[in-house]
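Q: Would you mind keeping the following structure in view while I ask a few things?
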Ligand SMILES: Cc1cc2nc3c(=O)[nH]c(=O)nc-3n(C[C@H](O)[C@H](O)[C@H](O)COP(=O)(O)OP(=O)(O)OC[C@H]3O[C@@H](n4cnc5c(N)ncnc54)[C@H](O)[C@@H]3O)c2cc1C
Ligand code: HEM
């Protein structure tokens, strides 16, 4: 296998390499008895965890529980919204996962009994486990924004879980007449994909500039700062002057209610009438985490930074967007890296070993135009029970990089996606 | 494109050292390499070098 280069499968293999490298020489594994691991959620975290476990110890019985037969990836779905990509390019099946010896169970998990160590499924099935890995992603807080309910997402799509919603927002933008106002409502932290709303605004601006130049886009924000902010704002000024307006929390950006019938979004200061409204709702760990008793008052799940074990329930580990992973953002790349570290820890725990401290990497690419990419990277390690940044590492692309570097990062972004999805789904 | 998995660990260690010092042109590897010490890099490189397709 291949170079540590974008477009190649190798570089992600190293995303949690510390943990895997530390695990492999352990003689304990050679004398392992088998154990049963159930993984709930076949997204970036869960699918990676299931496959990695099987690879680390083929004698483990690993079951992956996933509600849908086909996974639709969110990374790069902003490109689908503006017609630069097809939704089909975002979709992945579980054939390879099953071929790796992971038992795939297509069903929704509806209950968990931490004491009895069993999972109940919507189809009436029950699975018992030695260790449970929960990687269910996010749910929206339907009580978090007055006026915004499940019944109104057709009028004001969130497009924050990729699929039909992505296509709906795309159709609404395509149908909008030149001169229309696009409004994005961005939530407070934490939420899935911190740079996502701003990448979306950038690509919509690109679309408007090239096809509907009299139009405008406003981002109404519930916060005062955001990921890669200066890079985004510099790019907007250079590429889309006058087209993108960002209204911060302290300038009255927080949307306090919406009226989907009237297509209005209201803040403490003004009411905005939108031609197209994209409401990114406040979020929490998906519901199964509440049912398992592993989410706390914040709605998210605390974890141990070495094993990803929940401090709230025995034998349950939480990964990906659902977890409170300290300095790590809620990204697909982070989910994949955490899954490898957690799989190594679980395989070690099942044979009575002591898991090694992982060193985790995250890299998030954002496109501000098809040929203009920017990144934020970080390296993380456990300190005092938290995943924190390794000092001196990570950070964002340089503010003063030439166009050639932005173009290079845009093309590396494609390699990043291909590598990540191939690593996860095969 | 050079292959790094299954490649000579010494080459990976040198590349990482150059990424850290800024001698080797990079878009992100400089920021990533700075998160690993020389010892950690050697461990990872040895592990990578031992991987097969
Ligand atoms: C617009 C957008 C752009 C993004 N861009 C990027 C990017 O460029 N780079 C990046 O790294 N990240 C990006 N992200 C973030 C990324 O999508 C998430 O961080 C990632 O999907 C998290 O992975 P996960 O495994 O935790 O959850 P998910 O990928 O959401 O997977 C959770 C899975 O669990 C299943 N599930 C949930 N509950 C149950 C249940 N009870 N029973 C059975 N199955 C269940 C769901 O069906 C789902 O398949 C983006 C997100 C958005 C919205
Ligand atoms: C997991 C996140 C990683 C990402 C996203 C990543 C990405 C990249 C990219 C984009 C390049 C091209 C140089 C650049 O533009 O910066 C590269 C090269 C390289 N990477 Fe990584 N990398 C990752 C992890 C690692 C790790 C952990 C190692 C080794 C310890 C490593 C070793 C290398 C080497 C040796 C090269 C040079 C390849 C060559 O030119 O011969 N990478 N990587």
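Q: Given (1) assigned to a helix (DSSP H, G or I); (2) under 22 Å from the mean Cα position of the chain (by Cα); (3) crowded, with 21+ Cβ neighbours inside 10 Å, where does residue A:410 come up short, assuming only one miss?
A: Against the list (1) assigned to a helix (DSSP H, G or I); (2) under 22 Å from the mean Cα position of the chain (by Cα); (3) crowded, with 21+ Cβ neighbours inside 10 Å, residue A:410 comes up short only on (3).
Q: Anything in the range A:372-407 that is over 19 Å from the mean Cα position of the chain (by Cα), away from every other protein chain (no Cβ under 12 Å) and under 20 Å from residue A:358 (Cβ atoms)? List them, or say none.
A: A:382, A:383, A:384, A:385, A:386
Q: Continuing with this model, one more query. Please go through the range B:11-21 and give me each residue that is modelled with pLDDT of 95 or more and either within 16 Å of ligand 1 (Cβ to nearest atom) or surrounded by fewer than 19 Cβ atoms within 10 Å (Cβ to Cβ) (or both), ordered by number.
A: Listed by number, the residues that qualify are B:13, B:14, B:17, B:18, B:21.
Per-residue answers, yes or no, for (1) assigned to a loop (DSSP other than H, G, I, E, B); (2) touching a helix residue (DSSP H, G or I) at 6+ places or on another chain (Cβ under 7 Å):
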{"residue": "A:127", "(1), (2)": "no, no"}
{"residue": "A:132", "(1), (2)": "no, no"}
{"residue": "A:160", "(1), (2)": "yes, no"}
{"residue": "A:169", "(1), (2)": "no, yes"}
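Q: Another question, then. Would you mention how many residues in the range A:43-68 are farther than 17 Å from residue A:101 by Cα and in a loop (DSSP other than H, G, I, E, B)? Before you say what the answer is, go through the steps one by one.
A: Filtering the range A:43-68 down to residues farther than 17 Å from residue A:101 by Cα leaves A:43-45, A:67-68.
Keeping just the survivors that are in a loop (DSSP other than H, G, I, E, B) gives A:43, A:67-68.
Result for the range A:43-68: 3.
Q: Which of (1) touching a strand residue (DSSP E or B) at 6+ places or on another chain (Cβ under 8 Å); (2) surrounded by fewer than 18 Cβ atoms within 10 Å (Cβ to Cβ); (3) not assigned by TED's automatic domain parsing to the domain that holds residue A:68 is the odd one out, the single condition residue A:213 does not satisfy?
A: In the conditions (1) touching a strand residue (DSSP E or B) at 6+ places or on another chain (Cβ under 8 Å); (2) surrounded by fewer than 18 Cβ atoms within 10 Å (Cβ to Cβ); (3) not assigned by TED's automatic domain parsing to the domain that holds residue A:68, residue A:213 misses (1) alone.
Q: Here is a further query. Just to be sure, is residue A:383 touching a strand residue (DSSP E or B) at 6+ places or on another chain (Cβ under 7 Å) and away from ligand 1 (no atom under 15 Å from the Cβ)?
A: Details: touching a strand residue (DSSP E or B) at 6+ places or on another chain (Cβ under 7 Å): no; away from ligand 1 (no atom under 15 Å from the Cβ): yes.
No: the conditions fail for residue A:383.
Q: Can you give me the number of residues within the range A:311-329 that are touching a residue at least 40 places away in the same chain (Cβ under 8 Å) and crowded, with 24+ Cβ neighbours inside 10 Å?
A: 8
Q: Also: What number goes with the only condition from (1) farther than 17 Å from residue A:191 by Cα; (2) surrounded by fewer than 19 Cβ atoms within 10 Å (Cβ to Cβ) that residue A:341 does not pass?
A: (2)
Q: Could you check the range B:5-32 and list, in sequence order, the residues that are more than 7 Å from ligand 2 (Cβ to nearest atom) and facing chain A (nearest Cβ under 9 Å)?
A: B:5, B:6, B:7, B:31
Q: Looking at A:75, A:25, A:6, which is the one that is under 20 Å from residue A:418 (Cα atoms) and either more than 16 Å from ligand 1 (Cβ to nearest atom) or modelled with pLDDT under 50 (or both)?
A: A:6
Q: What number goes with the only condition from (1) over 30 Å from residue A:210 (Cβ atoms); (2) touching a residue at least 60 places away in the same chain (Cβ under 8 Å); (3) in contact with a helix residue (DSSP H, G or I) (Cβ under 7 Å, 6 or more places away or on another chain); (4) away from chain B (no Cβ under 14 Å) that residue A:369 does not pass?
A: The single condition residue A:369 does not satisfy is (1).
Q: Are there any pairs with C-beta distances below 7 angstrom linking a residue in the range A:394-414 that is more than 10 Å from ligand 2 (Cβ to nearest atom) to a residue that is modelled with pLDDT of 95 or more and in a loop (DSSP other than H, G, I, E, B), with the two at least 6 apart or on different chains, and if so which?
A: A:394/B:35; A:396/A:228; A:407/A:371; A:410/A:370; A:410/A:371
The values are calculated or read from the model by the stated rules, or taken from the named source; none is laboratory data. Fair warning: this is a prediction, and the values are worked out from it, not measured in the lab. Cβ: placed from backbone, ideal geometry, glycine included. Neighbour counts: every protein chain shown.
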